[in-house]
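Sharing a structure here in structure tokens format.
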Amino acid sequence: MEMVVQGVSTRKVSTITEELCGASFCKSTVSALCTGLDARVRAFNERRLDGDYPFILVDALFIKSREDDRVVHRAALVVSGIRADGHREILGVKIGDTENFATWDETFRWLKSRGLKGVVFVISDSHGGLTQAIAKHFQGASWQRCQVHLMRNLLAHSPAKHRSEVAAGAKRVLQAQDLVEAKRRLAEFAERFGKSAPKAVACLEEGFEDTMAVMALPDKYRRRTRTTNMQERLNEEIRRRERVIRIFPNDDSALRLIGALLAEQNETWQERRYLDMGEFAEWAATRAAAGNENNMVAIAS
């Protein structure tokens, strides 16, 4: 089971066990033995989520699975969080028919039923169904549009001969020290590329507010929360093992392998704190106090 989780194909597992143990295991036997992972995955994927999760990062990756002798695409919806104590945690994974509002709606309801709360920022790409589900389930939280995904969108809307210049100009906007400077650089970007890359300008202007939501945070938290890079690296680990299999026999086997891998990665994450959340707690308390004061003023008026 450990060999399979680490990305060794069932065929190679058969060869290795025969060489080491002198016993031959066919591929189907190895696959059957791997069902022993189910209890481990179930315990990880259905555990109670205790405490607050100020930051959650969400993303999906597509895999292939067999269904009724057909090969179909499936979406593995993975959600991670950063707890109030600064440790990262993989909250869970769902296998869905596709990535749309319905699958994300179900995933977020499932996570909240397990105790997910205290969400202040949600970091993701701008997939329409996903953003709709975020708005429904995390009212009052800020949505941070991933800056890396926005950059990809910008370059896709740019003429090939201007892409390097557009990328450099967009980075100047996104790396500004405050919103005042960012808006000034956005105006410069629009003036410079208004004629040569108008679609890129429109894309950046349309996504500016959501992409710069992170600027409300203290500076020390912005670098790690402005993108879904943490989640992308997790997806790369899944891909490294998924490529060995290529096509999962069914959805249960996909959940088994991906869930076991995520459970293992989650244990590694607990070994050290990802963020010092002291300054964030002070920022959140100040924000809450300001909100209460505004409410009192509104009531009095």
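The values are calculated or read from the model by the stated rules, or taken from the named source; none is laboratory data. Everything numeric here is computed off the predicted structure, so don't read it as measured data. All Cβ positions, glycine included, derive from the backbone under ideal geometry; neighbour counts span all protein chains shown.
Given the options D210, D252, name the one that is in the same structural domain as A39 (by TED's automatic domain parsing), out of contact with any Cys (no Cβ under 9 Å at 6 or more places or on another chain) and either at pLDDT 95 or above or surrounded by 13 or more Cβ atoms within 10 Å (Cβ to Cβ) (or both).
So the residue among D210, D252 that is in the same structural domain as A39 (by TED's automatic domain parsing), out of contact with any Cys (no Cβ under 9 Å at 6 or more places or on another chain) and either at pLDDT 95 or above or surrounded by 13 or more Cβ atoms within 10 Å (Cβ to Cβ) (or both) is D252.
Quick check: anything in the stretch 113-122 touching a helix residue (DSSP H, G or I) at 6+ places or on another chain (Cβ under 7 Å), assigned to a helix (DSSP H, G or I), at pLDDT 95 or above and surrounded by fewer than 20 Cβ atoms within 10 Å (Cβ to Cβ)?
No, the stretch 113-122 has no match at all.
Among (1) under 19 Å from C203 (Cα atoms); (2) among the hydrophobic types (A, V, I, L, M, F, W, C); (3) touching a residue at least 40 places away in the same chain (Cβ under 8 Å), there is one condition M151 misses while meeting the rest; what is its number?
With (1) under 19 Å from C203 (Cα atoms); (2) among the hydrophobic types (A, V, I, L, M, F, W, C); (3) touching a residue at least 40 places away in the same chain (Cβ under 8 Å) applied to M151, the lone miss is (3).
Taking the criterion of being of a type outside the set (S, T, N, Q), without any contact (Cβ under 8 Å) to a residue 12 or more places away in the chain and surrounded by 14 or more Cβ atoms within 10 Å (Cβ to Cβ), would at least one residue in the stretch 89-97 satisfy it?
Looking for residues that are of a type outside the set (S, T, N, Q), without any contact (Cβ under 8 Å) to a residue 12 or more places away in the chain and surrounded by 14 or more Cβ atoms within 10 Å (Cβ to Cβ), one finds none in the stretch 89-97, hence no.
Sticking with this structure for a sec: In the list R246, R240, R233, which residue meets the criterion of being modelled with pLDDT of 90 or more, over 17 Å from L150 (Cβ atoms), of a type outside the set (A, V, I, L, M) and assigned by TED's automatic domain parsing to the domain that holds L57?
R233
All but one of (1) in contact (Cβ under 8 Å) with a residue 24 or more places away in the chain; (2) over 25 Å from the mean Cα position of the chain (by Cα) hold for V173; state the number of the condition that does not hold.
Among (1) in contact (Cβ under 8 Å) with a residue 24 or more places away in the chain; (2) over 25 Å from the mean Cα position of the chain (by Cα), the lone unmet condition for V173 is (2).
Let me ask another. Give the residues of the stretch 136-175 that are in the same structural domain as V214 (by TED's automatic domain parsing), of a type in the set (G, A, S) and either at positive phi or assigned to a helix (DSSP H, G or I) (or both), sorted by residue number.
Residues satisfying the conditions are A156, A160, S164, A167, A168, G169, A170.
Among the candidates V30, V41, V58, single out the residue that is in contact with a Ser or Thr (Cβ under 9 Å, 6 or more places away or on another chain) and either at pLDDT below 95 or in a helix (DSSP H, G or I) (or both).
After ruling out the rest, the residue left standing is V30.
Could you say which residue among I90, I123 is under 27 Å from I247 (Cβ atoms) and not assigned by TED's automatic domain parsing to the domain that holds L174?
Matching residue, one of I90, I123: I90.
Take the conditions closer than 26 Å to K117 by Cβ and either surrounded by 14 or more Cβ atoms within 10 Å (Cβ to Cβ) or assigned by TED's automatic domain parsing to the domain that holds L61 (or both) and apply them to A133. Does it pass?
yes
To continue, here is another question. Within 17 Å of F248 (Cα to Cα), surrounded by fewer than 14 Cβ atoms within 10 Å (Cβ to Cβ) and modelled with pLDDT under 95: does that describe R70?
Values: within 17 Å of F248 (Cα to Cα): yes; surrounded by fewer than 14 Cβ atoms within 10 Å (Cβ to Cβ): yes; modelled with pLDDT under 95: yes.
In short, yes.
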